[in-house]
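A.B. asks: Pasting a structure here, questions to come.
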Amino acid sequence: RKFQMKKRILLIVFLFNALYAFSVTTNKTFFFVESEILKSKLAVLDTIKDTVKKKEKKFAFMPLPTLTYDRSQGAGIGVIAMGLFKADNSKKAPLSRVIGVGNYATNDSYYIMLGTRLYLMEDYWRILAAVGYINYNFQAFQTFEDVDGGQAGVYETPYTTKGSLFAFALQRRVFENFYLGIGGFMMRSDVIVTLPDGSEQVEPNNINSLSVPISYDTRNSIYNPSDGLFIDGRFSMIPEWLDND
């Protein structure tokens, strides 16, 4: 439909161009009227083009493949994908974003995370949320005094951390450039240690916290700043009543 609309508009512009050429040899007044109409038609055409471009760019998406390598995990392949968009009809608020990160390594380690940061109501409200899952294989060297069928000593001890996490933060601008809010972080994980005799030992490692995020932001651009100051901090507490050890 957009293509047909463009064809019709271009046809109208062509016809008015023809009338314009004819009017030059007939009547100066007619030439003036037709040229003004032509200008208005071209303005309408530009407006339609701008509208189409804005509609096409409501969500800008960019994926980025990643390659990693280290001696502990081996080679890894992953992707970082980000999308930029307007979260509401705010004119002054920065573009909000959603991001996904994933990676897989040759020692069977992998992780995946999804997150978003929203700027709402002319940047009076800022919201952050993220979820993820991790399966991380690593190793450490530990000293064992008594090993069944072996000698006491230092052994390479592989372990795996498996768990999910969730984080959020809600901030409001309390006065110019200063933001205050509430946030939290939750990670439920198990550390599985493989002992020298082949048995496994599971150690829960849960972290649940509440925080007060504080920000001061005078940047002239969130994504490509050339001037300004950004200070971001938080006061966090990990109380026992949130199922912390």
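A.B. asks: Of all the accessible heavy-atom surface of the stretch 104-217, with the other protein chains kept in place and a 1.4 Å probe, what percent is carbon and sulfur?
C.D. replies: Working: 3970 of 6580 Å².
Carbon-and-sulfur percentage of accessible area, whole number: 60.
A.B. asks: Just to verify a number: FRET efficiency for K92 and L128, C-beta to C-beta distance, R0 = 22 Å, to 0.05? Walk me through the intermediate numbers first.
C.D. replies: Working: r = 19 Å, r/R0 = 0.88.
After rounding to 0.05, the efficiency reads 0.70.
A.B. asks: I would also like to ask the following. Just reorder K91, K86 by solvent-accessible area, largest first, 1.4 Å probe, all chains present.
C.D. replies: The ranking, largest first, comes out as K91, K86.
A.B. asks: Compare the peptides 65-78, 220-233 by average per-residue count of other Cβ atoms within 10 angstrom and give them in order, highest first.
C.D. replies: Details: 65-78: 12.1, 220-233: 10.5.
Going by the mean number of other Cβ atoms within 10 Å, highest first, we get 65-78, 220-233.
A.B. asks: Dipole magnitude of the stretch 69-203 about its Cα centre, charges +1 at Lys/Arg Cβ and -1 at Asp/Glu Cβ only, in debye to the nearest 20? Intermediate values should be presented prior to the final figure.
C.D. replies: Details: 11 positive and 14 negative charges, 282 e Å.
Charge dipole of the stretch 69-203: 1360 debye, to the nearest 20.
A.B. asks: So if each residue of separation counts as 0.36 nm, and I subtract the Cα-Cα distance between I112 and L195, what length gain in nm does that give?
C.D. replies: Details: separation 83, 0.36 × 83 = 29.88 nm, distance 2.79 nm.
Here the answer is 27.1 nm.
A.B. asks: Also, I was wondering about something else. What is the distance, in nm, between label points placed 7 Å from the Cα along the Cα-to-Cβ direction at D243 and at V202?
C.D. replies: Between D243 and V202, the simple spin-label model gives 1.5 nm.
The values are calculated or read from the model by the stated rules, or taken from the named source; none is laboratory data. No experiment lies behind these values; they were computed from the predicted model shown. Quick reminder, even Gly has a Cβ in these numbers, built from the backbone with ideal geometry, and neighbours come from all protein chains shown. Note: accessible area is taken over every heavy atom of the protein model, side chains too, but ligands, DNA and RNA are not part of it. Shrake-Rupley method; radii C 1.70, N 1.55, O 1.52, S 1.80 Å.
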